[in-house]
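Visitor: Okay, here's the structure, questions in a sec.
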Amino acid sequence: MKMKVLPLIAAVGLLAGCGKDEVVQTPPNNTKQYELYIDFWNPTGTNPQISFDATNSSPEVKIDFTKNFTGVAVPPQFTNVIIDNVRIIDDNNANYEISEIKAYEWRDDIDDWKNDVEFVMNYEQVQDLNVMMVLDASSSLGTDFSNIKTFANDFVSQILNENPTAEIGIVNFSDVIQSMALTSDHTTISNYIDGIQQGPFTSLYEAMNTGVDTLMKHSAESKAILTFTDGTDNNSNPQYTPTYLKNKLENDPNGIKINSFTIGLEGNGGVDRPVLEDLAINGGVAEFPSSINGLKSVFNKFSASISNVYNFTYVRNQQAVPGSSPVKLKFVIKAKKK
């Protein structure tokens, strides 16, 4: 039985060392191909599971490669495995959206990949999205702070234009930490941002912790935190350290990892690159613009990366596949820059 293939966001190509290469047509100049490799097993026919081959998959596919995903039986004869929070972000931190996907299964009997039209990977863009924006409001930003507010408001506009049901919250920090609850009301968010006042010092880690705690209290399908600073932490409670935050982000008890994006504006006081890079995890990335114009571009890129997140669903029948000999799969995805 043939199933309709929905477009998807991820990528796939050829598995090194697995035999013959599948001939794939070169995509148009504005489209690229990425690679995602999966092992699939289903010992009883009703408990499907998948794991990823991170070595051969394209690094642009942002996914939790360390996790095994377990699926469910779908009457009368199918199984579904859902892979959540997937993005494609290239070396320049630009986000991509899918235009086409093809599924392949490695077949020992023909010593080659076989295009699979019955077992497919579907996708849907996540609409249930929570975003916390953590904004440095320290006095070191000087007159540039008015630009920061403009970029933050533009970021909110772009997220809500892409996903009107997304909810966005704000944490602003200097010597004090203030916050606004998650909401999808654009006017409320803009008014809050416009009213932020600058102050001395940088309570960076404690502010990030506030943003993470807020997201952990909610059960959205996808969660992201965007942190902006132009300096290093000098005012947080000692318990809030980079290690504390990283452990918290990596071990969310709700099972939905928070995608953490960080921006460090280089200039006045200097930023701690290694710290911000370490805290850009779970599919997030870090950038370090050296000018206000560059900062505007980063906010724009990150708005696309955060709003354009997908859930995949791998659909297969209930044929038993032992864990000792999993099926090798690849998904060839054509994607265009967002």
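What follows draws every value from the coordinates through simple rules; no lab data is involved. All figures in this text were calculated on a predicted structure; none of them were measured in a lab. A quick note on method: Cβ atoms are made from the backbone with ideal geometry, for glycine too, and the neighbour counts reach across all protein chains shown.
Visitor: At 222 nm, what helix-only mean residue ellipticity would the chain give, in deg cm²/dmol to the nearest 500, using -39500 (n - 2.57) for each DSSP H run of four or more? Intermediate values should be presented prior to the final figure.
Guide: Numbers: 6 runs with 71 residues, N = 338.
The helix-only estimate for the chain comes to -6500 deg cm²/dmol at 222 nm.
Visitor: Loop-only check: which GluC sites (Glu not before Pro) in segment 38-127 are DSSP coil with at most 13 other Cβ within 10 angstrom? Write out the running numbers ahead of the final one.
Guide: Numbers: sites: GLU60, GLU97, GLU100, GLU105, GLU118, GLU124; in loops: GLU60, GLU118.
Answer in residue order: GLU118.
Visitor: Right, another one. Anyone know which of ASP109, ASP39, ASP91 comes out most mobile in the 10 Å Cα GNM of the chain?
Guide: Answer for the Gaussian network model of the chain: ASP109.
Visitor: Compute a Gaussian network model of the chain, connecting alpha carbons closer than 10 Å, and tell me which residue from ASP108, ASP252, ASP128 fluctuates the most.
Guide: ASP108
Visitor: Compute the helix-to-body angle for 145-162: its Cα long axis versus the longest principal axis of the chain, expressed 0 to 90° and rounded to tens.
Guide: 30 degrees
Visitor: Here is the link list: LYS248/LYS301; LYS32/LYS102; LYS102/LYS328; LYS102/LYS334; LYS102/LYS336. Which ones come out longer than 18 Å on Cα distance? The partial results should precede the final answer.
Guide: Numbers: LYS248/LYS301 26 Å; LYS32/LYS102 14 Å; LYS102/LYS328 14 Å; LYS102/LYS334 9 Å; LYS102/LYS336 15 Å.
In this structure, LYS248/LYS301 exceed 18 Å between Cα atoms.
Visitor: Suppose we keep just the DSSP beta bridges with both residues in the chain; what percent of those would be antiparallel, to 5?
Guide: Numbers: 55 of 79 bridges.
The antiparallel proportion sits near 70 percent.
Visitor: Which one of ASN68, ASN300, ASN80 has the biggest mean-square fluctuation once the chain is modelled by GNM with Cα springs under 10 Å?
Guide: ASN68
Visitor: Dipole of segment 21-173, Cα-centred, from +1 at each Lys and Arg C-beta and -1 at each Asp and Glu C-beta, to the nearest 20 debye?
Guide: Details: 8 positive and 26 negative charges, 115 e Å.
Using only the charged Cβ atoms, the result is roughly 560 debye.
Visitor: Something else about it: Could you tally the net charge around ASP185, taking each other residue with its Cβ under 15 Å from the Cβ of ASP185, Lys/Arg +1 and Asp/Glu -1? It would help to have the intermediate numbers written out before the result.
Guide: On the way: positive: none; negative: GLU167, ASP194.
Neighbour charge sum, excluding ASP185 itself: -2.
Visitor: If you don't mind, there's one more thing I want to ask. Arranged from highest to lowest average of other beta-carbon atoms within 10 Å per residue, in what order do the peptides 231-241, 156-166, 201-211 appear?
Guide: Final packing ranking: 201-211, 156-166, 231-241.
Visitor: Can you give me the distance in nm between label points at THR187 and THR150, each placed 7 Å from the Cα along the Cα-to-Cβ direction?
Guide: For THR187 paired with THR150, the spin-label model returns 2.4 nm.
Visitor: Another one. If I take the Cα coordinates of segment 151-306 and project them onto the principal axes, what are the three extents in Å, biggest first?
Guide: Each principal axis gives a Cα extent; for segment 151-306 these are 37, 36, 26 Å.
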